[in-house]
Amino acid sequence: MLWSKPKPRSGTAFINILSNPNSLMESSEEENDGVSGNHATKELIHLASNGAKFIDEVLNGQNECCLENFRMDKHVFYKLCDILQAKGLLRHTNRIKIEEQLGIFMFIIGHNLRTRAVQELFRYSGETISRHFNNVLNAIMSISLDLFQPPGSGVPSEIFEDPRFYPYFKDCVGVIDGIHVPVTVGVDEQGPFRNKNGLLSQNILAACSFDLKFQYVLAGWEGSATDLQVFNSAITRQNKLQVPEGKYYIVDSKYQNVPGFVAPYSSTPYYSKEFLSDYHPQDASELFNQRHSLLRHVIDRTFGILKARFPILMSAPSYPLQTQVKLVVAACALHNYIRREKPDDWLFKMYEEGSFPMEESQPPLEMEVPPKMDVETQTQPSVHTFDSEEIALASQLRDSIATEMWNDFIQ
């Protein structure tokens with residue numbers, strides 16, 4: 001649905017939802033994004049003597065060639081070109097058609113290449129590559145709101161059709177978790193972005209549905225920010241995460257069990273490694289945590305698909321900070337677009353093979369993901385606190401789910 005950029009605690013620029021984009025197409029280079037970097041391999045360079053020829057070879061070749069180079073099927077690629085052109089977000093130039101502009105962008109984010117490497121393949125100047133990269137990035141950002149859909153009112157089929165989850169989790173609309181995405185910032189800005197592992201990152205919060213789509217993404221928070229700080233920002237900011245009345249998201253143990261968000265029991269084993277494969281839960285809280293863990297695994301698969309398709313996200317590209325934040329949101333929007341247009345896309349199929357395995361899967365990896373645009377600077381996010389009555393009601397909901405599940409389990 002909505003994705004927002006965090007509010008800086010020390011004057012850092014953050015990206016917010018882009019609802020009224022202006023001047024998306026630049027006629028001159030504004031950002032010399034990543035001019036230095038790895039070079040295109042000889043295998044890639046020999047494919048074509050210039051960019052137009054390379055694009056033609058890919059789009060006129062086998063579908064697998066488009067998948068490999070542009071990370072989506074040919075008909076999905078062409079439809080995206082048509083959408084961006086019809087909305088006036090991209091246009092053909094005298095030298096570069098829309099297909100080539102989008103191809104340059106997808107090639108960069110799908111292969112983690114820098115501008116200099118792409119120069120060698122497409123035979124354009126760094127200024128031209130950078131300009132079209134930013135034009136396409138802004139165009140994707142401008143259609144992103146259409147690609148983030150809020151939860152529906154019905155019971156997700158993935159829950160309704162599985163007796164382990166239905167009717168107990170019938171009001172669950174998705175899963176929320178965070179992921180750290182590497183970031184490149186100037187030396188003077190590195191302090192707030194250094195996470196607990198000593199690495200530079202942005203802390204991203206995402207909500208996803210059970211059909212592997214992102215519903216909400218909040219990117220741009222510094223790596224040193226706690227998960228609770230980012231969560232608090234997501235539920236209090238202007239473009240906040242919306243939870244339908246009577247529904248909830250499931251979250252893992254680093255978040256609180258509060259209205260709209262159901263966490264596991266903190267005093268009970270949770271991840272699969274804490275249970276033996278033939279382990280039988282001893283009480284209601286253990287059974288609840290076991291099934292809660294299985295259900296929330298969908299967000300690990302969603303993050304996995306995102307990273308596999310767009311490896312640039314995990315490489316700290318040397319772009320301006322605002323561009324790095326936009327890249328996260330744009331990647332999530334493209335992920336949703338591909339899922340909508342090609343549900344059986346090869347990466348989705350690969351990650352769905354073990355969908356909701358009968359045995360506990362491996363514990364989720366620690367990751368991080370991104371959001372949208374419009375520069376804002378703010379020093380303090382608003383704080384939302386739940387009163388004791390709200391906390392008690394949230395605990396009662398969790399207990400009622402666990403009790404019903406346990407009673408059915410032991411009969």
Within region 198-220, identify whether any single residue is open to solvent by 30 Å² or more (accessible area, probe 1.4 Å), assigned to a loop (DSSP other than H, G, I, E, B), modelled with pLDDT of 95 or more and touching a Phe, Trp or Tyr at 6+ places or on another chain (Cβ under 8 Å), and answer yes or no. no
Residues of region 277-307 being touching a helix residue (DSSP H, G or I) at 6+ places or on another chain (Cβ under 6 Å) and either open to solvent by 30 Å² or more (accessible area, probe 1.4 Å) or on the phi > 0 side of the Ramachandran plot (or both), which ones? Lys307
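Only one of Phe77, Phe165 is part of a helix (DSSP H, G or I), touching a Cys at 6+ places or on another chain (Cβ under 9 Å) and either crowded, with 22+ Cβ neighbours inside 10 Å or of a type in the set (Ser, Thr, Tyr) (or both); which? Before the answer, list the steps.
On the way: Phe165 fails: part of a helix (DSSP H, G or I).
Within the list Phe77, Phe165, the selection yields Phe77.
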Can you name every residue in region 123-145 that is surrounded by fewer than 22 Cβ atoms within 10 Å (Cβ to Cβ), modelled with pLDDT under 95 and assigned to a helix (DSSP H, G or I)? Gly126, Glu127, Thr128, Leu145
Specify the residue that is farthest from the chain's Cα centre (by Cα); the eligible residues are those in region 284-325 that are under 16 Å from Ala263 (Cβ atoms) and polar (S, T, N, Q). Ser285
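Can you pull out every residue in region 168-197 that is among the aliphatic types (A, V, I, L, M) and either in contact with a Phe, Trp or Tyr (Cβ under 7 Å, 6 or more places away or on another chain) or in a strand (DSSP E or B) (or both)? Please lay out each step first, then the result.
Keep residues of region 168-197 that are among the aliphatic types (A, V, I, L, M), which gives 173, 175-176, 179, 181, 183, 185, 187.
Within region 168-197, Val173, Val175, Ile176, Ile179, Val181, Val183, Val185 qualify.
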Provide a single number: the residues in region 222-264 that are of a type in the set (D, E, K, R) and in contact with a Gly (Cβ under 7 Å, 6 or more places away or on another chain). 1
Kindly list the number of the only condition in (1) under 29 Å from Gln229 (Cβ atoms); (2) of a type in the set (A, V, I, L, M, F, W, C); (3) free of Cβ contacts under 8 Å to residues at least 24 places away in the same chain that fails for Phe160. (1)
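Can Leu313 be described as in contact with a His (Cβ under 6 Å, 6 or more places away or on another chain), part of a helix (DSSP H, G or I) and closer than 25 Å to Lys254 by Cβ? Steps first, please.
Working: in contact with a His (Cβ under 6 Å, 6 or more places away or on another chain): no; part of a helix (DSSP H, G or I): yes; closer than 25 Å to Lys254 by Cβ: yes.
So Leu313 fails the test.
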Scan region 146-161 for residues that are surrounded by 15 or more Cβ atoms within 10 Å (Cβ to Cβ) and of a type in the set (D, E, K, R) and jot them down. Glu158
Within region 80-106, the residues that are open to solvent by less than 10 Å² (accessible area, probe 1.4 Å) and out of contact with any helix residue (DSSP H, G or I) (no Cβ under 6 Å at 6 or more places or on another chain) are Leu80, Ile96
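The values are calculated or read from the model by the stated rules, or taken from the named source; none is laboratory data. Every value quoted in this text rests on a predicted model; they were computed, and no experiment measured them. Note: ideal-geometry Cβ built from the backbone for every residue, glycine included; neighbour counts use all protein chains shown. For the accessible areas, the whole protein counts, side chains as well, though only heavy atoms, and no ligand, DNA or RNA atoms are used. Shrake-Rupley method; radii C 1.70, N 1.55, O 1.52, S 1.80 Å.
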